[in-house]
Each structure stands twice: as structure tokens, then as C-alpha cells.
Amino acid sequence: MTTIKEHMRPVFPFTAIVGQEEMKLALILNMIDPKIGGVMIMGDRGTGKSTTIRAIADLLPQIQIIQDDLFNSHPTDTDLMSDSVQNSIRNGEKLPVSFINVPMIDLPLGATEDRVCGTIDIEKALNEGVKTFEPGLLAKANRGILYVDEVNLLDDHLVDILLDSAASGWNTVEREGISVRHPARFVLVGSGNPEEGELRPQLLDRFGMHAEIRTVKDPAMRVQIVEQRSQFDEDPHSCLQEYNDKQKILKSKISKGRELLDEVNIDFSLRMKISQVCGQLDVDGLRGDIVTNRAAKAFAAYNDRMHVTVEDIKSVIILCLRHRLRKDPLETIDSGERVKQIVSEVFG
């Protein structure tokens with residue numbers, strides 16, 4: 001059953017988006033393996049960042065949840081269940097299940113910590129004298145996508161909370177004598193404009209991948225993008241119809257990639273070379289190594305292969321490492337180019 005909101009606002013098809021290949025690839029790989037750790041998308045204003053992110057959610061298969069559960073609890077996986085659902089199952093209760101679209105939650109810039117994490121339901125406390133938890137945006141985003149536009153303008157402590165939840169998969173709230181813990185597994189997608197300020201390096205490092213997007217300069221491509229958007233605004237349904245087949249193909253590729261992911265392997269020699277690249281680039285910590293390994297596996301699974309190749313690694317490594325390099329103000333070379341240089345030295 002479609003809601004009024006869905007009926008009123010069709011989503012621009014992902015396969016109709018022209019260019020911005022880096023951003024599209026980073027999003028697809030995070031949909032195949034959410035443990036990559038999300039995407040930070042930095043680029044000029046008006047380059048289709050928000051449109052692309054909303055479009056990717058539309059490609060994902062529906063998820064099964066415990067009916068009417070506030071945390072989108074999984075019917076069988078305890079890591080994705082709230083404590084109350086776990087207790088009910090332990091007590092032998094049969095809970096009804098239903099299917100929903102993958103949640104796509106927008107985090108507004110002015111959001112408070114209570115709105116993000118959840119708080120005490122004041123109305124119930126006053127009227128019924130009962131302390132109950134009112135879930136926040138992290139609860140709604142469980143098993144979905146949490147999108148933060150202009151993440152570089154968000155309060156640092158809120159960004160810390162988001163990144164901690166995204167990394168641990170849980171959100172714990174301690175408020176007025178209530179202690180609640182609930183699953184918060186989501187793909188964190190941030191976007192921003194570098195002109196409005198950079199993110200702290202330690203926050204940047206927590207995003208799995210970093211895509212940079214630029215305004216398209218080619219006049220023919222610009223005209224194509226403008227015409228496509230105008231056609232969609234005038235008649236969204238015929239535009240959706242036109243891209244229906246391409247959408248289905250991409251949808252099945254993502255689903256297949258998810259199923260295949262656990263069986264993909266990466267040779268020890270390639271893992272050594274990835275770590276060699278990270279060492280030569282002086283990348284702090286081991287997140288760069290871990291994320292590059294995961295992304296290369298997801299890329300191989302996306303292309304329906306069981307073994308990671310050198311080309312797979314080359315396709316993803318810049319996205320995984322460029323934001324982890326130490327910034328040298330005197331350096332004229334772009335960080336992505338530095339990664340490319342070392343990769344071609346190590347991999348040949």
C-alpha cells in the first residue's frame with residue numbers, strides 16, 4: 001500500500017543520474033556491505049548529492065521487521081533486535097512480522113541530541129506517571145540509511161554520537177532514571193561543501209569512503225542533465241517507466257552482490273600490498289587497510305566474482321584512503337593523486 005507521501009513524491013531513478021561515478025560507486029558498495037562504514041560526499045552545491053542518496057534507498061529490497069516495532073527489529077537476528085523484542089522471544093511469544101521499505105532518514109541541521117538519540121516521553125510521564133522512552137532518529141534509521149546534509153556544519157558532539165552509533169551498531173540513552181539500549185545499524189551518509197569548512201581529520205577518518213564530486217564542465221552533459229531533470233519534474237511517471245528495466249537490473253545486481261559477499265576471498269599477497277600502500281602513505285591506524293579490503297570484496301561481489309583482482313582494488317582504494325592522508329599545507333598535489341602514485345608503484 002503506498003502512502004500519500006510516496007504517491008506525491010516519486011523518487012528520481014538512480015540509473016538516470018548522469019556522471020558522478022565516484023559517488024554512485026561508493027553508495028552501491030555501502031549498500032552491498034554496510035560494514036564499510038558509510039560515505040562522506042564532498043562537492044560543489046547543486047551537484048545532485050541529495051538526489052543521488054535518496055535514489056539509492058529506492059533500489060534496496062524491502063526488509064522484514066517485527067510489526068509496529070519502533071526500532072525496525074529483525075525477526076531472527078538478535079544483533080538487530082531491541083531488548084523488549086528479545087525478551088518477548090525468550091518468553092516464547094509469537095510476534096507478527098511485516099515488510100517495510102528500507103528507512104531513509106534525513107537528519108536536519110538544527111536537530112538536538114534528544115531528537116537524535118531519543119528521550120523520555122514527557123506527555124506519558126505527566127499524564128500516566130509512567131517513564132517511557134521516546135525513540136529518536138537513530139532508532140528510526142536502524143537497518144536503513146541516515147543522511148546528514150552539510151555534515152561539516154553539524155555540532156561536533158552530534159557527529160561524534162552518530163559515528164559512535166554507526167561503528168558500534170547500538171545507541172544507549174541514559175535519561176532521568178531510564179536506561180535504554182537499542183540497535184542502531186545504519187549506513188551513515190554525510191555530504192558537505194568544502195567551502196563551508198572542513199571536517200576534523202579524526203571525524204573524517206571514521207567514514208569508510210570519501211567521494212569528491214565536481215560540477216560538470218562539458219556543455220553537452222550539462223544540457224543532458226538539465227533536460228533529464230526537467231522531463232522528470234514535468235512527468236515523473238513516464239520517466240520512471242523509461243528507466244524501469246535499468247533499475248531492475250541494478251536492483252538484482254545489488255541483491256546478488258549481498259548474497260555473494262561472504263564467499264568472496266582476497267589473496268594474502270593482495271592484502272599485503274594494500275597494507276604496504278597504507279604504510280607508504282603514512283595512514284594513521286588500521287581503518288584504511290580494513291575498509292579497502294571490505295570495499296574490494298564488495299566490488300568483486302557486485303561484479304559477480306568470487307576472487308578479488310588487482311583491478312578491483314584499484315577501483316576502490318582512492319575512495320577508501322584519500323581522506324585519511326595527513327594534510328600538508330605546502331603540498332600542491334591532490335591527495336587522490338598521491339594515493340594513485342603509490343598504488344601504481346606497489347601494484348605495478
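The values are calculated or read from the model by the stated rules, or taken from the named source; none is laboratory data. Predicted model, so just to flag it, every value in this text is computed and none were measured. Here the Cβ positions follow ideal geometry from the backbone for every residue, glycine too, while neighbour counts run over all protein chains shown.
So here's what we get for this one:
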item: Complete set of residues in segment 205-228 that are out of contact with any helix residue (DSSP H, G or I) (no Cβ under 8 Å at 6 or more places or on another chain) and either aliphatic (A, V, I, L, M) or in contact (Cβ under 8 Å) with a residue 12 or more places away in the chain (or both); result: ARG214, THR215, ALA220, MET221, VAL223, GLN224, ILE225, VAL226
item: Residue ID - farthest from the chain's Cα centre (by Cα), chosen from residues in segment 106-120 that are closer than 23 Å to ILE178 by Cβ and part of a strand (DSSP E or B); result: ILE120
item: From the options LEU138, LEU153, LEU158, residue that is modelled with pLDDT of 85 or more and under 16 Å from LEU203 (Cβ atoms); result: LEU158
item: Selection count where residues are within 23 Å of the chain's Cα centre (by Cα) and in a loop (DSSP other than H, G, I, E, B), scope segment 234-283; result: 2
item: Residues satisfying the stated conditions in segment 13-33, i.e. over 16 Å from LYS251 (Cα atoms) and surrounded by 19 or more Cβ atoms within 10 Å (Cβ to Cβ); result: GLN20, GLU22, MET23
item: Options ILE318, ILE290; residue that is closer than 29 Å to PHE12 by Cα, without any contact (Cβ under 8 Å) to a residue 40 or more places away in the chain and not assigned by TED's automatic domain parsing to the domain that holds LEU27; result: ILE318
item: Selection within segment 74-114 - small (Gly, Ala, Ser) and either farther than 16 Å from ARG143 by Cα or modelled with pLDDT of 85 or more (or both); result: SER84, SER88, GLY92, SER98, GLY110, ALA111
item: Candidates GLN231, GLN202, filtered to the one that is part of a helix (DSSP H, G or I), in the same structural domain as MET31 (by TED's automatic domain parsing) and without any contact (Cβ under 8 Å) to a residue 12 or more places away in the chain; result: GLN202
item: Members of segment 150-162 found to be closer than 23 Å to ALA55 by Cβ and surrounded by fewer than 19 Cβ atoms within 10 Å (Cβ to Cβ), listed by number; result: GLU150
